[in-house]
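Below: one structure, written as C-alpha cells.
Read-outs: derived from the displayed coordinates by stated rules, not from any lab. The structure displayed is predicted, hence computed values, not measured ones. When we count neighbours, we look across all protein chains shown, and the Cβ atoms used for this are built from the backbone with ideal geometry, even at glycine.
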Amino acid sequence: MSVSHYENFPVASWLCPPALRPPIAAIYWFARTADDIADEGDAPSQHRIAELARYRHSLRAAAAGQPDGGWTAVFEPLERALQQYALPLQPFEDLLDAFEQDCTAPTYTDRPMLLDYCRRSANPVGRLLLALYGVHDPCALRRSDAICSALQLINFWQDAGVDLRRGRQYFPVSDLQRHGLSAASLQSGTDTTATRALAADLCDWSRQLMLSGAPLALQLPGRIGWELRLVVQGGLRVLDRIAARGHDILSHRVTVGPRDLPALLWRACVMRGPELAPGLGPS
C-alpha cells in the first residue's frame, strides 16, 4: 500500500474541526507507522510480518486500556481517541490485515479480489472518520466504502510504474488477460497500446466506483461534506490527468498539487445531482 494513500487524511486541513484533529492525527499515525513497518526497506517479509504482529498486540492492548509500552507515540494518543469516541477496533484490525498482505506481494486474480484488498486497506479509513463525526447509517457507510476503494484504485494506477519497479503490481489477472498481457510482460515497464487500453479500462472502472459514492459528499453537512467534496474531486482530477496523458501510467506519474486547488474548489462548489462529480478536463 502506498504511503501517498494516507496523504488524503485531513489532519491539518482548515476544514477539519479543531476538536477532531487529535483523533484524526492519531488514526493517521497508526496507519502511517504500520505502512512504514510493512515497507521496511530490504527486510525479509517474515521480519515485517512479525513486526506487524507485535504492532497488532500493542493495538489490542491499547484498546483494552492496558498499553504494553510498544510504540507509545502512536498508541497513547490512539488509546485516548478509542476511548473518547468509542471507535470500533475492527477497522484497525482490517488495516493491519492489508499491511500483512502487502508483505507477501500477492497476485490479484480478478476485480472482486482486488476490491477485497481495498475493503481492508482503504475502507476502514473512511469508516473511522465517519465514526468521529457520528455518522453510522448504512447508506453513508456504503458510499464511503465506494469512495475509499476508488481512491485506493486510483492510487494504484497513479503509482503503477513505481510499484512495478518495487516488485508490486495490482492489475487483476483477468484484466491483463483480456488485453493480451501478463504480469511478466509488464515488468519492463514499457508503455504500449495494450497497456494504455488496460489503464483506460481500469480508470473507467475506478471513475464509476467514485461516482457511485460521490452523493455522500452532499449528504453530509458542514465541514465534513466540503472536505469530502475536495477528496472526490481530487481523485477525479488524477484520472483526468491520466487520460490527458493517453493513459500512459507506466512511464509517467501524474500529480495533483496546489496549482489545481482553484479548479478543485470550483468543482466542489458546483457538485449537484447527476453532475455530482464530472471530470475536470485535461487542463
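Odds and ends about this structure:
- Difference of contour (0.36 nm per residue) and Cα-Cα distance, Ser174 to Leu15: 53.2 nm
- Average silhouette area of the range 107-283, convex hull of alpha-carbon atoms, in square nanometres: 10.1
- Computed from the Cβ-Cβ distance with R0 of 30 Å, the FRET efficiency linking Arg165 to Asp201 stands at 0.85.
- Using only side-chain charges placed at the Cβ, +1 for Lys and Arg and -1 for Asp and Glu, the dipole size of the range 107-283 relative to its Cα centre rounds to 300 debye.
- Just so you know, the Cα atoms of the range 141-231 work out to an Rg and Dmax of 15.6, 48 Å.
- Compared with the direct C-alpha span, the chain from Thr33 to Cys139 gains 35.1 nm at full extension, assuming 0.36 nm per residue.
- Contact order relative to length of the range 10-122, as percent, for alpha carbon pairs under 8 angstrom and 6 or more apart: 27
- Among Leu230, Leu261, Leu132, the largest mean-square fluctuation in a Gaussian network model of the chain, built with springs joining Cα atoms closer than 10 Å, belongs to Leu261.
- Check: the range 160-229 dipole with +1 on Lys, Arg Cβ and -1 on Asp, Glu Cβ, in debye: 180
- Out of every Cα-Cα pair that the range 14-104 contains, those further apart than 19 angstrom amount to 39 percent.
- Separation of the Ala61 and Thr192 label points, Cα + 7 Å toward Cβ, nm: 5.2
- Residue-span extension gain [His47 to Leu261] - 0.36 nm each, minus C-alpha spacing: 72.9 nm
- Shown is the FRET efficiency for Val270 and Gln90, computed with R0 = 41 Å from the Cβ-Cβ distance and rounded to the nearest 0.05: 0.65.
- Length-normalised contact order of the chain in % [C-alpha pairs under 8 Å, at least 6 apart]: 17
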